[in-house]
Protein chains: 2
Amino acid sequence: MAPVVILNAPQLAENIGSVARVMANFGLADLRLVNPRDGWPQERAWALASGAEWPLNAAQVFDDVESAIADLQVVFATTARPRELQLPVLTPRAAAADLYAASARGERTGLLFGGERAGLETADIALCQAVVTIPIDPRFRSLNLGQAVAISAYEWRTTLQDAPPPVFRELSPPADGAAMMGLFEHFERELDAAGFFHPPDKRPSMVQNLRSALAKARMSEQEVRTFRGVVTALSKGRGRVLAKLAKQKAEEGEAG
Amino acid sequence: MAPVVILNAPQLAENIGSVARVMANFGLADLRLVNPRDGWPQERAWALASGAEWPLNAAQVFDDVESAIADLQVVFATTARPRELQLPVLTPRAAAADLYAASARGERTGLLFGGERAGLETADIALCQAVVTIPIDPRFRSLNLGQAVAISAYEWRTTLQDAPPPVFRELSPPADGAAMMGLFEHFERELDAAGFFHPPDKRPSMVQNLRSALAKARMSEQEVRTFRGVVTALSKGRGRVLAKLAKQKAEEGEAG
């Protein structure tokens, strides 16, 4: 089960909407609001959610953090300010790993975020099992609420999937060594015919440099086929040009 | 050097502002805009940046992606849609590691993002060395532009610092085994005096359970001192109650 997201005293409906949107992006759905400043529901939240309506439709409202976390077994509080508490301090990555492990044990977990202006009160953080702090640049610490949730939700998501989605893997498979060697030798054969390798004693190192320039492109099978077509086109083209020049010469000879 | 952030055809000034804000959060500063829909500069961008003005003040505007990346040596394109291109597809984490390594070699790097509606055109992605895709929930793929930049900027930041900031480490040091044993024995001594361990043959397992309940709290030295105070207060309190009861009994005896 993905962690519950608890927003304590959120101020702007727009931020609640963008939290819902980014929760949906990363597979979270359970949103709880503690004392939203302007009441609940608020239309502007739905407007900002860009269609991610289910976390908003199902959002529960509570009077205090204590009630909002009453059924949860592990709750981490996100804050940018250190407190007088002796709680463990985790990065979002470490927190996600911990919550994932807790969730895998069947525990109900949550992530607590403070309001835009005031953040969390220490008394509420003291109800949590750990503090999460985002490794932000100390020169500019004002992180938007939606962005703070985004980072945590993204880190949660990477515990489930930290690879490009399968749809990105439908590429032509990478060429193997034999396919690359076929390209190299085709290429070098035509370059030999064109007199490219000069002086001849430099040929081995020139060949190596050409091969490594192509090797590091990590070509697909399709790309190897394309490049063999390119080599053929260029060399045949050259052949045609040579034939044309030879013909012109012959005609000039006749005319002369 | 942190990567340059290039926004291709961004539509909303608000999003440009929130991109600037989150760039500042994670230590990025060089922002480039390719054909911003509503022109540049736009006041609303500054309003949304919450004081992160320097990326906006220094933002450069270009007519096309080609010009915007002309001085860069490695550029990765963020997209949620697979293309007919054979580029490597990286997660934001792998991309950050790659850009960090490139940057450490002195290369100038960039991250290219498409506009809110249309994303990137394949022709622009083809100018890049790799594609970055965020491991999003396929059921809700509409990621806000500011959030997409946030994830990438955060991942860049974690290559530099993936630990809580030093200011969070000024806690009381964790208690060592001797301190914990002092607490355990103090606690058990008073519980013995109070007749808590009953029946006596259960004492060893009861002691073990109490010890492990405290051990996993990973107490600090200060917390151990506090809990020893707690044990003393409770046992002295009990002593006072017992003394009071004894006194009452004696008085009743006198009265009787």
Suppose we consider the axis relating copy B to copy A; can you name the residue of B with the nearest Cβ and state that distance in angstrom as an integer? B:Ala150, 3
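Relative contact order for region B:25-159 using alpha-carbon pairs under 8 Å, separation at least 6, rounded to a whole percent? Provide the component values of the computation, followed by the final result.
Details: 164 pairs, mean separation 41.2, N = 135.
Relative contact order, region B:25-159: 30 percent.
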What nm distance separates the two modelled labels at B:Ala101 and A:Asp71, each placed 7 Å from Cα along Cα→Cβ? 4.7
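So what is the relative contact order of chain B, in percent, for Cα pairs below 8 Å that sit 6 or more residues apart? List each step's numbers first, then the result.
Numbers: 338 pairs, mean separation 49.5, N = 256.
Once normalised by length, the contact order is 19 percent.
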For the protein assembly as shown, percent of DSSP beta bridges that are antiparallel (nearest 5) comes out at 10
Peptide B:144-153: average number of partner chain Cβ atoms within 10 Å per residue? 5
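How large is the helix-only mean residue ellipticity at 222 nm for chain B, computed as the sum of -39500 (n - 2.57) over DSSP H runs with n ≥ 4, divided by its residue count, in deg cm²/dmol to the nearest 500? Could you put the intermediate results ahead of the total?
Numbers: 10 runs with 125 residues, N = 256.
It comes out at -15500 deg cm²/dmol, rounded to the nearest 500.
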Kindly provide log₁₀ I(q)/I(0) values, in the same order as q = 0.12, 0.25 Å⁻¹, from the Debye equation applied to equal alpha-carbon scatterers of region A:1-65. -0.23, -1.04
Equivalent ellipsoid dimensions for region A:177-255 as semi-axes, Å, which come from the Cα gyration tensor, largest first: 31, 17, 7
What gaps in nm, shortest first, separate B:Pro166 from its twins in the other copies when you place the label 7 Å past Cα toward the beta carbon? 4.8
Average partner chain C-beta neighbours within 10 Å, per residue of B:44-56? 1
Exercise: per-residue mean of other protein chain Cβ atoms within 10 Å, A:24-32: 4
When you take every Cα atom in the protein assembly as shown, what is the radius of gyration, and what is Dmax, the widest Cα pair distance, in Å? 32.5, 154
Taking each label point as 7 Å beyond Cα in the direction of the beta carbon, state the distances from A:Leu210 to the same residue in the other copies, shortest first, in nm. 8.3
Test of understanding: in a Gaussian network model of chain B with alpha carbons linked when under 10 Å, which of B:Ser205, B:Ser220, B:Ser67 would top the mean-square fluctuation ranking? B:Ser205
Output the antiparallel fraction of DSSP beta bridges having both residues in chain B, as a percent to the nearest 5. 10
Cα extents of region B:1-136 along the principal axes, largest first, in whole Å, come to 40, 31, 30
In the Gaussian network model of chain A, springs joining C-alpha atoms below 10 Å, which of A:Gln147, A:Gln86, A:Gln60 carries the largest mean-square fluctuation? A:Gln86
Pull up the DSSP beta bridges for region A:1-125 and report the antiparallel fraction as a percent, rounded to 5. 5
Packing-ranked peptide list from A:91-98, B:133-140, highest mean Cβ count within 10 angstrom first, is A:91-98, B:133-140
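Report the calculated FRET efficiency for B:Glu43 and A:Arg218 (r = Cβ-Cβ distance, R0 = 45 Å), to the nearest 0.05.
Values: r = 46 Å, r/R0 = 1.02.
Efficiency, rounded to the nearest 0.05: 0.45.
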Please work out the ratio of the alpha-carbon Rg of chain A to 2.2 N^0.38 Å and round it to two decimals. 1.74
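Readers should treat all values here as calculations from the given coordinates under stated rules, not as data from a laboratory. It should be emphasised that the depicted structure is a prediction, and the values quoted were computed from it without experimental measurement. Positions of Cβ are backbone-derived with ideal geometry, glycine not excepted, and every protein chain shown enters the neighbour counts.
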